[in-house]
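The structure appears below as structure tokens.
The values are calculated or read from the model by the stated rules, or taken from the named source; none is laboratory data. Keep in mind that this is a model prediction, so the values were computed, not measured. Positions of Cβ are backbone-derived with ideal geometry, glycine not excepted, and every protein chain shown enters the neighbour counts. Surface areas here come from the heavy atoms of the whole protein model, side chains and all, with no ligands, DNA or RNA. Shrake-Rupley method; radii C 1.70, N 1.55, O 1.52, S 1.80 Å.
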Amino acid sequence: MTVLAQSPAKPGSGGPPGGGRRLVDMVLRARELSILGALVVLVVGTTIANPRFLSGQGVKDIFLNASILVLLAVGQSMVVVTRNIDLSVGSVVGLVAFTAGKFASGGDRNVVLVVLAGVLIGLLCGLVNGLLVSFCRVPSLVVTLGTLYVIQGLDYRIAHGDQIGAAELPSSLLKLGNDGVLGIPYLPIITVVVMLAVGYYLRSYSSGREYYAIGSSPEAANLAGVSIRRRILTAYLVSGALAGLAGVLWLARFGTVVADAAHGWELKVVAAVVVGGVAITGGVGTVYGAALGGLLLTTIGSVLVVLKVNSFWQDAITGVLLLLAISVDRLLALRVTRALRQRSLESTVHRDVNGGGTAPASNTASNTVSKEGRS
């Protein structure tokens with residue numbers, strides 16, 4: 001005769017609905033807090049070594065330099081969350097900075113028209129990427145790498161070796177990149193407003209959560225009725241529009257622009273996003289974490305300059321942070337998967353013990369014992 005023993009379930013082990021989402025949110029908050037902690041340690045350590053690092057002008061320069069990178073990282077986050085990537089953002093910034101400069105230098109242009117022209121060019125680039133990835137189903141790495149070179153070639157063709165100087169630009173545009181309100185520059189204000197708007201949409205609207213559903217499991221999202229093609233196209237449109245806006249802000253910030261502006265920034269943007277906790281495999285991360293990642297990379301660059309360290313080490317440190325971030329993402333994904341699987345198992349046992357579907361374990365054991373007794 002076989003005796004079956006059923007261990008009692010722990011009270012409340014099933015957990016409330018939505019426990020898995022809270023677990024993921026907790027992990028994401030931990031990632032963002034760790035980045036913020038690393039940023040604080042970096043700033044405090046550098047200030048001890050050089051007290052002038054936290055001067056008013058030093059802090060202003062850090063936020064000004066980080067604004068464009070963070071703006072690009074926000075748009076890139078929407079793309080990466082859907083399991084895709086946009087390597088063309090750096091070339092879009094260069095193209096927009098030069099063409100918007102040509103447009104603005106043609107007369108006393110209104111700054112709003114210059115911004116709209118830049119955003120429109122970015123939207124067109126995002127539209128090409130989005131259509132090829134979402135409707136033609138070409139891998140995003142191939143598409144955006146190709147458009148990167150196409151846009152760069154177009155930029156060089158338009159430039160013809162020329163450059164745009166600050167003296168040719170209207171004063172209203174230059175004020176956008178250097179003035180501010182109550183001592184706060186316009187660039188960080190614009191970036192924060194965009195970041196909060198995109199972050200609120202992704203978290204608070206069902207259509208925003210669909211981007212995470214696509215990145216987590218495209219097959220499940222398709223079965224749930226999510227319009228995958230439309231969402232991916234929208235993500236690329238947002239990324240392109242923000243790259244166009246970043247191009248105008250680049251022009252306003254630096255004044256002097258050549259054809260290879262923001263050359264190589266596509267990898268810096270991807271690094272900021274991944275370091276900020278947005279999983280390269282999709283479905284996980286926030287724009288706030290990506291913004292912290294961009295701010296951290298910018299601060300590292302400023303720290304190396306203050307400490308008179310060779311600029312080579314900035315690329316090396318960025319590469320190390322990128323490898324660490326991807327490794328941590330993988331470990332966290334495995335831990336979260338195990339935790340969710342265990343929670344699901346405990347929830348099933350809890351329902352069974354309380355008569356929530358299948359027969360209780362005690363009845364099953366009794367039936368087994370009686371059948372074996374009769375045999």
Looking at this structure, is I300 at pLDDT 95 or above and either surrounded by fewer than 24 Cβ atoms within 10 Å (Cβ to Cβ) or in contact with a Ser or Thr (Cβ under 9 Å, 6 or more places away or on another chain) (or both)?
no
Among the listed residues G289, G293, identify the single one that is assigned to a helix (DSSP H, G or I), at pLDDT 80 or above and either of a type in the set (A, V, I, L, M) or in contact with an Asp or Glu (Cβ under 6 Å, 6 or more places away or on another chain) (or both).
G289
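Regarding L148, is this residue within 16 Å of G247 (Cα to Cα) and within 22 Å of the chain's Cα centre (by Cα)? Talk me through it step by step, then tell me what you get.
On the way: within 16 Å of G247 (Cα to Cα): yes; within 22 Å of the chain's Cα centre (by Cα): yes.
Against the criterion (within 16 Å of G247 (Cα to Cα) and within 22 Å of the chain's Cα centre (by Cα)), L148 qualifies.
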Every listed condition ((1) within 22 Å of I280 (Cα to Cα); (2) over 17 Å from the mean Cα position of the chain (by Cα)) holds for L202 save (2)
Scanning segment 177-198 residue by residue, those modelled with pLDDT of 95 or more and over 20 Å from N65 (Cβ atoms) turn out to be L196, A197, V198
Search result, residues across segment 132-153 that are surrounded by fewer than 17 Cβ atoms within 10 Å (Cβ to Cβ) and either hydroxyl-bearing (S, T, Y) or assigned to a helix (DSSP H, G or I) (or both):
F135, L141, V142, L145, G146, Y149, V150, G153
Checking L242, L237 in turn, the sole residue that is in contact (Cβ under 8 Å) with a residue 40 or more places away in the chain, surrounded by 19 or more Cβ atoms within 10 Å (Cβ to Cβ), farther than 27 Å from T256 by Cα and not basic (K, R) turns out to be L237
Can you find, within segment 128-142, the residue that is nearest to E266 (Cα to Cα) among those that are more than 19 Å from the chain's Cα centre (by Cα) and of a type in the set (A, V, I, L, M, F, W, C)?
V142
Failed item in (1) hydrophobic (A, V, I, L, M, F, W, C); (2) in contact with a helix residue (DSSP H, G or I) (Cβ under 8 Å, 6 or more places away or on another chain); (3) open to solvent by 20 Å² or more (accessible area, probe 1.4 Å), with A104 passing the rest
(3)
If you go through segment 12-57 one residue at a time, how many are part of a helix (DSSP H, G or I), under 27 Å from the mean Cα position of the chain (by Cα), at pLDDT below 80 and not polar (S, T, N, Q)?
15
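Using the structure shown, decide if L124 is in contact (Cβ under 8 Å) with a residue 60 or more places away in the chain, in contact with a helix residue (DSSP H, G or I) (Cβ under 9 Å, 6 or more places away or on another chain) and under 19 Å from A243 (Cβ atoms). Full working, then the answer.
Working: in contact (Cβ under 8 Å) with a residue 60 or more places away in the chain: yes; in contact with a helix residue (DSSP H, G or I) (Cβ under 9 Å, 6 or more places away or on another chain): yes; under 19 Å from A243 (Cβ atoms): yes.
When the stated conditions are applied, L124 passes them.
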Scan of segment 245-269 for residues that are buried (at least 24 other Cβ atoms within 10 Å of the Cβ) and either part of a loop (DSSP other than H, G, I, E, B) or under 13 Å from the mean Cα position of the chain (by Cα) (or both), ordered by number
A261, A262, E266, V269
Exception for G282 within (1) at pLDDT below 90; (2) crowded, with 24+ Cβ neighbours inside 10 Å falls at (2)
Segment 44-67 - residue that is among the β-branched types (V, I, T) and touching a helix residue (DSSP H, G or I) at 6+ places or on another chain (Cβ under 8 Å) and, of those, surrounded by the fewest Cβ atoms within 10 Å (Cβ to Cβ)
T47
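Being free of Cβ contacts under 8 Å to residues at least 40 places away in the same chain and loosely packed, with under 15 Cβ neighbours inside 10 Å: is that true of G165 here? Break it down into steps so the answer makes sense when it comes.
Details: free of Cβ contacts under 8 Å to residues at least 40 places away in the same chain: no; loosely packed, with under 15 Cβ neighbours inside 10 Å: yes.
The answer is no for G165.
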Among the residues that make up segment 75-90, is at least one of them in contact with a His (Cβ under 8 Å, 6 or more places away or on another chain), on the phi < 0 side of the Ramachandran plot and open to solvent by less than 50 Å² (accessible area, probe 1.4 Å)?
yes
